[in-house]
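Contents: one structure, followed by commentary.
Bear in mind these aren't lab numbers, they're just calculated from the coordinates by the rules spelled out. Note that this is a predicted model, so its numbers are computed, not measured. Don't worry about glycine lacking a Cβ; one is built from the backbone with ideal geometry, like all the others, and counts go over all protein chains shown.
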């Protein structure tokens, strides 16, 4: 340690100025930063490190905290908070079969004007232990991105996809005329699967072979699952518990979705059922203006901010 007087002389600061600064109370801005930092970390921890600055900002606004997005970014950077990064994953489609293949009726129209009009489904795999596998089949409603059905199994066969479809049908009870889109995998092209679709009056649509963009919403969903939970688990039991918690508790009910105006799929559907409330009011890509939050910006904030490494990917 060096004497205060020596350090002040080296730094070109007066000793009296240093002592005046050390005794000065925190500014109101600094005190507010400390308060906001508690809320930022609480949101980050509640999301299990899945949220970046856009969703944490929305959490704070819902708590009536007057704060700008730039301030949230700065506080996250100062606290070393960074959302989980995405990874690339391999395809699990088993398309070498002689079953009939349906036309691509969806044609990348990844929106719907009401629930149970368009569903998309797909299957992905997780690693269990050193070399085991666990497969997840899921079905999403394109209206709200709500996961309406899902199932897991150690075997990637038609029974897995049938369980996911059965859950979706029981959960939603759709009317005839629903469009179901998937890849050309043998599990979706099987007689049993097609028979269940026909019995429910559901039209079948399939992606073109080897074209992942035809089912981009499901690809994005699985990317989120793996980046926000894990792509490998110690055991099947752990994987099942983690996937249930992510899909049913977090993703459907709480996770803010950029395509839905930063609200959850369940909240989006609740707004649909409320009289006089348009659930698509925040969906700028459909021509609706973004609704500003009453406490969207603080009056004073730093002029420049480092590039935000915490932004979230659209689903």
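What to note about this one:
- For the pair residue 244 and residue 14, label points projected 7 Å from Cα toward Cβ lie 6.9 nm apart.
- Its Kirkwood hydrodynamic radius, worked out from the mean inverse distance over all distinct Cα pairs, puts segment 4-79 at 14.5 Å.
- Compactness ratio for segment 18-58: Cα radius of gyration over 2.2 N^0.38 Å (N = residue count) comes to 1.64.
- With the highest mean first, a sort of the peptides 77-83, 4-10 on other beta-carbon atoms found within 10 angstrom per residue produces 77-83, 4-10.
- Listed by Cβ neighbour count within 10 Å, with the fewest neighbours leading, 124, 187, 161 appear as 124, 187, 161.
- Cα-based shape type of segment 150-213, given that a ≥ b ≥ c are square roots of the gyration tensor eigenvalues and the cut on a/c is 1.5: oblate
- Segment 187-216 residues near the modelled residue 157 label - backbone nitrogen below 16 Å, point 7 Å along Cα→Cβ: 187-193
- Rg(Cα) / (2.2 N^0.38 Å) computed for segment 107-231, rounded to two decimals: 1.01
- Between residue 7 and residue 209, full extension at 0.36 nm per residue minus the direct alpha carbon distance yields a gain of 65.7 nm.
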